[in-house]
Amino acid sequence: MVQNHNIEKKPRGRPQVRCDEDTRGVLIEAANKQFHENGYAAVSIAAIAQEAGVSTKTLYRLFPTKADLFSEMVSDRTGRFLLALDPGTLATVELRQGLERMLMAYGMLTLSQDTITITRLVIGESDRFPELASSFYEKAIMRTNASMENWLRRQVEHGLIKLEDPHAACGMLRGMMIMEPQRAAMLRQLPPPNIEEIAARARMCADIFLKGCTA
């Protein structure tokens, strides 16, 4: 009597490849690593492709130039900050808590070692590559500033705070939160602050901003 056995067949053909979105993410992280280790000018497209484990043809298809890849890398980091400032989430918390959350997210972004290193790179190489400064200003500085300013304007509209110039006030608030620790880290005089130090600074900045410092 012959018995039929179900034999598992292995799929034929090439192994499943990553989708473009996943490949873009891998390339962004590979570029970030290469830029941190070697700077912008010294890094080649071939080195980034090798780091990511993809072909240069695939890289060029997704990012036609190295500048495009740098711009997307900056945008990716800023996008994570914007997710932390989801308007719907912040609308559910009271004023003080919302301000602290916003400052904490801003501090975690701008005072991270990753951002400090990229900021040094932009300052050091923007004379040769002005597109770096343009991308960083547009994708990082302007986007984060706009998000924070919009939050302040909503609080003014709700009658929770009074500001004659929300744009100027937002700039002052950002400077109060990051300027001193960022400058010390940029000049390698102190390490970037840790999470507890950023949280403490956010609380202090929120106090000064909301209450002032008069006796």
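Counting protein heavy atoms only, the stretch 83-215 has 58 percent of its accessible area on carbon and sulfur, 1.4 angstrom probe. Using the empirical formula 2.2 N^0.38 Å as the baseline, the Cα radius of gyration of the stretch 128-173 reaches a ratio of 1.45. Computing FRET efficiency as 1/(1 + (r/R0)^6) for Ser134 and Asp20, where r is the C-beta to C-beta distance and R0 is 30 Å, gives about 0.75. Using the beta-carbon distance between Arg183 and Ser112 and R0 = 22 Å, what value does 1/(1 + (r/R0)^6) give for FRET efficiency, to the nearest 0.05? Efficiency computed from Cβ-Cβ geometry: 0.90.
Going through [x] 62, 37, 30; [y] 95, 55, 30; [z] 67, 41, 34, the figure that equals Cα extents along the principal axes in Å as computed for the structure here is [y].
Apply 1/(1 + (r/R0)^6) to the Cβ-Cβ distance of Ala46 and Ala168, taking R0 = 41 Å, and write down the FRET efficiency to the nearest 0.05. According to the calculation, E is roughly 0.30.
Candidates Ile208, Ser75, Pro87 compared by Cα position along the dipole of the chain: farthest toward the positive end lies Ser75, with charges placed on Cβ. Leaving out ligands, DNA and RNA but keeping every protein chain, what accessible area does Glu149 have, in Å² rounded to the nearest 10, with a 1.4 Å probe? The accessible area comes out at roughly 30 Å².
The trypsin sites (Lys or Arg not before Pro) of the stretch 78-133 that meet both conditions, a loop assignment by DSSP and at most 10 other Cβ atoms within 10 Å of the site Cβ, are Arg128. Computed over protein heavy atoms with a 1.4 Å probe, the accessible surface of the chain works out to 62 Å² per residue. The number of Lys pairs in the chain with C-alpha atoms less than 25 Å apart, excluding pairs fewer than 8 positions apart on the same chain, is 6. Model label sites at Arg96 and Arg120, defined 7 Å from Cα along the beta-carbon direction, differ in position by 3.8 nm.
Each label point was placed 7 Å from the Cα along the Cα-to-Cβ direction; for Leu210 and Leu160 their separation is 0.9 nm. Using only side-chain charges placed at the Cβ, +1 for Lys and Arg and -1 for Asp and Glu, the dipole size of the chain relative to its Cα centre rounds to 500 debye. Using 0.36 nm per residue and subtracting the Cα-Cα separation, the extra length available between Leu82 and Glu196 on full extension is 38.9 nm. Across the options Thr56, His158, Leu27, the greatest Cα extent toward the positive end of the charge dipole of the chain (unit charges at beta carbon of Lys, Arg, Asp, Glu) belongs to Thr56.
The values are calculated or read from the model by the stated rules, or taken from the named source; none is laboratory data. All values derive from a computational prediction rather than experimental measurement. For neighbour counting, all protein chains shown are included, and Cβ atoms are generated from backbone atoms with ideal geometry for every residue, glycine included. These area figures cover heavy atoms from the full protein model, side chains too; ligands, DNA and RNA do not enter into them. Shrake-Rupley method; radii C 1.70, N 1.55, O 1.52, S 1.80 Å.
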